[in-house]
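Single-structure report; data block below.
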Amino acid sequence: MEKNVYTIFKTFFKVGTLLLGGGYVILPLLTSELVDKRQWISSDELCEYYALGASLPGIIAANVAIFTGKKLLGTRGAIAATVGMVLPAFLSIVLLASILSELVTKPSVQHIFWGVGIGVITLLFMAVKEMWSKSVTDKFSVIVYIICTILALWGKIPLALIIITALISGIIFQKFEDKKNKIKIEDDGEKNKC
């Protein structure tokens, strides 16, 4: 599918328009648009961009848009994707700010927010399902997940510290795995020489 500045902007504008509930519900929407419909990136790449975007300061949706746009069309793609992602929210805030205080108190609007909340819960479930299948893949990741969940539920340790510790654990684990694989390849090479 064609990748130009306008198409990237239009795609991310569409996602930004549908994005309700923050960055955690973006994964199913982006999977549908970028992976399934347009096939611009793979599901694994999207999950990596999402994980990286969630670990950096700023809006998760904008961070994911930057990484995806950069991959698609360099700096121009990153700018187009980011502007497309944040423009709907910006316009909504500007247009609705003056009348929002009056609208929020109306019962019909409360019912709309209730319905949106249910939709957001569904999107959160889909995001967790997508990330789970890509992230929790072996015994080590299951152990890290269980420990992080227990620490997060305990509530005594800041979530940022839990995330940083999990990140460092993953880096250390991968270094040991790479070293072990390198030794195994060298041993197999020596056996083949004999």
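When peptides 105-113, 46-54 are sorted by average Cβ neighbour count within 10 Å, with the highest value leading, the order is 46-54, 105-113. The convex hull around the C-alpha trace of region 106-148, projected and averaged over every direction, spans 3.7 square nanometres. Scalar couplings 3J(HN,Hα) for region 103-119, obtained by applying the Karplus form with A = 6.51, B = -1.76, C = 1.60 to θ = phi - 60°, are 5, 4, 7, 6, x, 5, 5, 4, 5, 5, 4, 4, x, 4, x, 5, x Hz; x denotes Gly and Pro.
Its Cα centre serving as origin, region 84-183 has a Cβ charge dipole (Lys and Arg +1, Asp and Glu -1) of approximately 420 debye. Overall, the chain carries a charge dipole of about 140 debye about its Cα centre when +1 sits on the Cβ of Lys and Arg and -1 on the Cβ of Asp and Glu, all other atoms neutral.
If you wrap a convex hull around the Cα atoms of region 50-128, how much volume per residue is inside, in Å³?
Value for region 50-128: 114 Å³ per residue.
Entry comment: accessible area of region 15-155 is 60 Å² per residue, from protein heavy atoms only and a probe of 1.4 Å. Among W132, W40, the sequence by solvent-accessible area, most first, with a 1.4 Å probe is W132, W40.
Here the Karplus curve 6.51 cos²θ - 1.76 cosθ + 1.60, taken at θ = phi - 60°, turns the phi angles of region 61-69 into couplings of 4, 5, 4, 5, 4, 4, 4, 5, x Hz, with x standing for Gly and Pro.
Using every pair of separate Cα atoms, the Kirkwood estimate puts the hydrodynamic radius of region 20-83 at 11.5 angstrom. Using the Cα coordinates of the chain, the gyration tensor eigenvalues translate into equivalent-ellipsoid semi-axes of 38, 24, 14 Å, sorted from longest to shortest.
Atom-type composition of the exposed protein surface of the chain places 69 percent of the accessible area on carbon and sulfur (1.4 angstrom probe).
The values are calculated or read from the model by the stated rules, or taken from the named source; none is laboratory data. Worth saying up front: this structure is predicted, and the values here are computed from it rather than measured. Glycine also receives a Cβ, built like all others from the backbone with ideal geometry; neighbour counts cover every protein chain displayed. Just the protein is used for accessible areas: all its heavy atoms, side chains included, with ligands, DNA and RNA removed. Shrake-Rupley method; radii C 1.70, N 1.55, O 1.52, S 1.80 Å.
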